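Structure record follows, encoded as structure tokens.
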Amino acid sequence: ILKETLSKRGVRVITGLGKYFRHIDKNRNGFLSQADFKEALKVFHLEIPEGDFESLWLILDDSKSDKVDYGEFTHAVFGEMNEYRKAFVRKVSFAYMKLDFNKTGSVSMVDIRKCYCAK
């Protein structure tokens, strides 16, 4: 049910969920509790019946740790990336590393101007 809903609403919902997950991950460990995950689904209007939610949680929490990380969630919904997407992610990651001189995790316009000429 969740996969069908997400496929209809697309990438915006997934990226929004990712941002929301990072926002509510107060201790920055990359994991969400069952309650946090359920709340995130409600915020994005992805409510599913309780029985289906329990089944989803069992799939996502295959390590039985009572927590799920965002990577496990996206892998469960979208599956493994194909080779084209993997190559694209590697290229983007390489370009980003070149732009992020200070390794801060963000790139300023000043840093972009140092590497890019629009002439």
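The values are calculated or read from the model by the stated rules, or taken from the named source; none is laboratory data. A quick note: this is a predicted structure, and the numbers were derived from the prediction, not measured. Just so you know, the surface numbers come from the protein's heavy atoms only, side chains and all, with ligands and any DNA or RNA stripped out. Shrake-Rupley method; radii C 1.70, N 1.55, O 1.52, S 1.80 Å.
Result for the chain in a Gaussian network model with C-alpha springs under 10 Å: among S55, S108, S93, the largest mean-square fluctuation is at S108. Of the solvent-accessible surface of the chain, computed with a 1.4 Å probe and all protein chains present, 59% belongs to carbon and sulfur. Legend: residue pairs K26/K86; K38/K86; K19/K42; K42/K86; K64/K86, Cα-Cα distance threshold 20 Å; pairs beyond threshold, K26/K86; K38/K86; K42/K86; K64/K86. Accessible surface area normalised per residue over the chain is 74 Å², counting heavy atoms of protein chains with a 1.4 Å rolling probe. Surface calculation, 1.4 Å probe, protein heavy atoms: I59 sits at approximately 110 Å² accessible.
Helix 34-43 and the longest principal axis of the C-alpha atoms of the chain enclose an angle of approximately 70°. Partners of K98 within straight-line reach, counting lysines whose Cα lies under 17 Å from its Cα and excluding those fewer than 8 residues away in the same chain: K114. Taking Cα atoms only, the orientation of helix 11-24 departs from the longest principal axis of the chain by about 80 degrees. Stokes-Einstein, applied to the Kirkwood radius of the chain over Cα pairs at a viscosity of 1.002 mPa s and 20 °C, places its translational diffusion at 129 µm² s⁻¹.
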